[in-house]
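The structure appears right after this line, and notes come after that.
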Amino acid sequence: MKEKQVFIKKEAGVLMFGASAPGKVILFGEHAVVYDKLGIAAAVDIRSVAEVTENNHRRITVKDKRLDMIQQLTESEISRLKQRVDELRKEEDYESLKQMSKDDIFSPIKYIISLFVAEHGFVPFELLLRSDIPIASGLGSGSSLFASVVSALGDFYQMNLTKKEISDMTYQGDIIAHGGTPSGIDNSTVVYGGYIAFRKSEQIKILDIKQKIPIVIGDTGIGGNTGELVGNVRKLLQQNPEKKKLLDEIDNISQDSIIAIKNNSLKELGALMNKNHELLGQLGVSHSALEKLCNAALQADAFGAKMSGAGGGGIMIAVADDQKKVAEAIEKAGGKAIITNIGVEGVKKIKTDKNQVGG
Ligand code: PMV
């Protein structure tokens, strides 16, 4: 065991550190952001949780309650994984990185662990993961989990990480999970919380808005393929250059939405969502199931509804006062509804209790 362990604080003989992080939704600007238009994302109050407990085995144990999976890691396994990932990143072999996370869903988390181990030495612990965020639905489930893990491990190793450092390490996990260099929207949103404005050619801006807004998420349960949909839009714009003006319209909507959110004007926000949804339809990325759920929400008096994320299935969001009514309408139309809020707090520490860990 390495001397580094002396860094770690003892609390009644048991070491417990926990953190939770929200998911994210894209509120405005998906697809248009690929062409350097403005996009707005928000932290959504569906959270993931990571809890770290010291153990006296020789291994690190990762338990994932969502997937009902357990993995035991030795020091040499962790250092081999780090070496392999660093090599692939140097070679920019993103295909192999992607394959790695397909073959082993824990690989981004193992890489994050390896970064701590490389800097502070191997200390055995148990990492328990929980999450209410549906996987692979554009809700930032990966980033959220990685941010919780980074924050909890940062505390375990007594590192006093800043938000910026947590965000950067979360991004390291995203690189493996996405097999490439993602936009940085997911890690920024789940770490800082609230609302984020992003344009490819500019730095991500954390908007100074404290408003929480009630939404309902409708999951079609149909998996859209982001790469394919982005490619389809590219083809459409090449063949019909006049459609590029749709992207400018989306940019304007994103800009207007900042004022609507600041003013807490659900009506205005809803109208902008409807408009953005319509434009995404014209870009060909909606889906009959998304149309059905959006229409159901509107008929149940939502202020507005739109697809969110890449489309071709995936999720839609609706802004509504009567969230229950909208959720029921979405379920009736065949979707899975989640009542929640956006604009919520980003990654945060949680008090954890030994009795919960590993349970
Ligand atoms: O599915 P999500 O939430 O990761 O969003 C994809 C957003 C796109 O604009 C379609 C693609 C991108 O890389 O920005």
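If we scan the stretch 261-275, do we find a residue that is within 21 Å of the chain's Cα centre (by Cα), within 16 Å of the ligand (Cβ to nearest atom) and at pLDDT below 95? No - not one qualifying residue is present in the stretch 261-275.
Cβ contacts < 7 Å: first residue β-branched (Val, Ile, Thr), restricted to the stretch 304-316; second residue assigned to a strand (DSSP E or B) and more than 10 Å from the ligand (Cβ to nearest atom), any location; separation 6+ or different chain. Result? From residues that are β-branched (Val, Ile, Thr), the pairs are Ile315/Ile217; Ile315/Gly218; Ile315/Asp219. Taken over the stretch 107-137, the criterion of being surrounded by fewer than 20 Cβ atoms within 10 Å (Cβ to Cβ) and assigned to a loop (DSSP other than H, G, I, E, B) is satisfied by Gly121, Pro124, Asp132, Pro134, Ile135, Ala136. Quick check: anything in the stretch 285-293 surrounded by fewer than 24 Cβ atoms within 10 Å (Cβ to Cβ), under 12 Å from Gly218 (Cα atoms), over 22 Å from the mean Cα position of the chain (by Cα) and small (Gly, Ala, Ser)? Looking through the stretch 285-293, at least one residue is surrounded by fewer than 24 Cβ atoms within 10 Å (Cβ to Cβ), under 12 Å from Gly218 (Cα atoms), over 22 Å from the mean Cα position of the chain (by Cα) and small (Gly, Ala, Ser).
Quick one: would you say Gly142 is of a type outside the set (A, V, I, L, M, F, W, C) and outside any loop (DSSP other than H, G, I, E, B)?
Values: of a type outside the set (A, V, I, L, M, F, W, C): yes; outside any loop (DSSP other than H, G, I, E, B): yes.
Criteria met by Gly142.
If you check Val52, Val62, Val34, Val44 for being of a type outside the set (S, T, N, Q), within 16 Å of the ligand (Cβ to nearest atom) and part of a strand (DSSP E or B), only one passes: Val44.
Inspection of the stretch 304-318 identifies no residue that is of a type outside the set (D, E, K, R) and farther than 26 Å from Ser144 by Cβ.
Taking the criterion of being in a loop (DSSP other than H, G, I, E, B) and surrounded by fewer than 23 Cβ atoms within 10 Å (Cβ to Cβ), the residues of the stretch 314-337 that qualify are Asp321, Asp322, Ala333, Gly334. Within the stretch 192-203, is there a residue that is in contact with a Phe, Trp or Tyr (Cβ under 6 Å, 6 or more places away or on another chain) and aliphatic (A, V, I, L, M)? No, the stretch 192-203 has no match at all. With respect to the conditions (1) away from the ligand (no atom under 12 Å from the Cβ); (2) out of contact with any strand residue (DSSP E or B) (no Cβ under 8 Å at 6 or more places or on another chain), Thr181 lacks only one, and its number is (1).
When we screen Ile185, Ile206, Ile175, Ile215 for residues that are among the aliphatic types (A, V, I, L, M) and crowded, with 24+ Cβ neighbours inside 10 Å, the only hit is Ile215.
Identify, from the list Ala296, Ala302, the residue that is crowded, with 23+ Cβ neighbours inside 10 Å and either part of a loop (DSSP other than H, G, I, E, B) or modelled with pLDDT under 95 (or both).
Numbers: Ala296 fails: either part of a loop (DSSP other than H, G, I, E, B) or modelled with pLDDT under 95 (or both).
After ruling out the rest, the residue left standing is Ala302.
Could you say whether any residue in the stretch 344-357 is free of Cβ contacts under 8 Å to residues at least 60 places away in the same chain, within 24 Å of the chain's Cα centre (by Cα) and surrounded by 19 or more Cβ atoms within 10 Å (Cβ to Cβ)? Can you show your working first?
Filtering the stretch 344-357 down to residues free of Cβ contacts under 8 Å to residues at least 60 places away in the same chain leaves 355.
Cutting the leftovers down to within 24 Å of the chain's Cα centre (by Cα) gives us none.
Within the stretch 344-357, not a single residue is free of Cβ contacts under 8 Å to residues at least 60 places away in the same chain, within 24 Å of the chain's Cα centre (by Cα) and surrounded by 19 or more Cβ atoms within 10 Å (Cβ to Cβ).
The values are calculated or read from the model by the stated rules, or taken from the named source; none is laboratory data. This structure is a prediction, so every number in the text was calculated from the model and none was measured. Glycine gets a Cβ as well: all are built from the backbone with ideal geometry, and neighbour counts include every protein chain shown.
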